[in-house]
Amino acid sequence: MSDTPQQRVAAALERIPYARFLNLRAELKGDELTLVMPYSEHLIGNPMLPALHGGVVGALMEVTALTQLAIASKSERFPKTIDIGIDYLRSGRPVDTFARARVVKIGRRVANVQAEAWQGEKSQPIATLHGHFMTPEVEGG
């Protein structure tokens, strides 16, 4: 019996230790992926505010970009990160956080992806990511 795309994405996230640490959950509608990071006390970086750790928000967006690119390239293998740039726009509150990515271009070897993370309203992102990733090599190619 063949797995659904949702099950394949969930299984892929389960293989990433940091995604398990963040307790990431995937919501897939067609080819549009949203990753959900449920709030947990261990994600706090500044307990005085309290605010999510910037590395946690960055990791959420990077995993989202990698997963969306794997879906877009129809590959079972994850791409590799070349470089990413992150703009932190506002503090992440101690609530659930969401992220989506958009593949701008997939070349033969390099892909360009943008991602954003938000809480509450998608129109008010807490951070954005722009990254370049090595595309997975085609088997037998």
So which GluC sites (Glu not before Pro) in the range 43-141 pass both tests, a DSSP loop state and at most 13 other Cβ atoms within 10 Å of the Cβ?
76, 121, 137, 139
Using a 1.4 Å probe over the heavy atoms of the protein chains, calculate the carbon and sulfur portion of the accessible area of the chain as a whole percent.
52
Isotropically averaged projected area of the range 2-70, using the convex hull of Cα atoms (one quarter of hull area), nm²:
4.8
Which of the chymotrypsin sites (Phe, Trp or Tyr not before Pro) found in the range 3-54 are in a DSSP loop and have at most 10 neighbouring Cβ atoms, other than their own, within 10 Å?
none
Please work out the average accessible area per residue across the chain, using the 1.4 Å probe convention, and give it in Å².
59
When you have a sec, figure out the Kirkwood radius of the chain from all distinct Cα pair distances and drop it here in Å to one decimal?
15.3
Count of lysine pairs in the range 8-141 with Cα separation under 22 Å (8 or more residues apart, or interchain):
5
For the pair residue 46 and residue 25, the simple spin-label estimate (label points 7 Å beyond Cα toward Cβ) gives in nm 2.8
Give the separation of the Cα centroids, the range 73-126 to the range 25-45, in Å.
12
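The values are calculated or read from the model by the stated rules, or taken from the named source; none is laboratory data. All values reported here derive from a predicted model rather than from experimental measurement. Here the Cβ is made from the backbone with ideal geometry for all residues, glycine too, and neighbour counts use every protein chain on show. The protein model used for the area step is the full one, side chains on, heavy atoms only, and it has no ligands, DNA or RNA in it. Shrake-Rupley method; radii C 1.70, N 1.55, O 1.52, S 1.80 Å.
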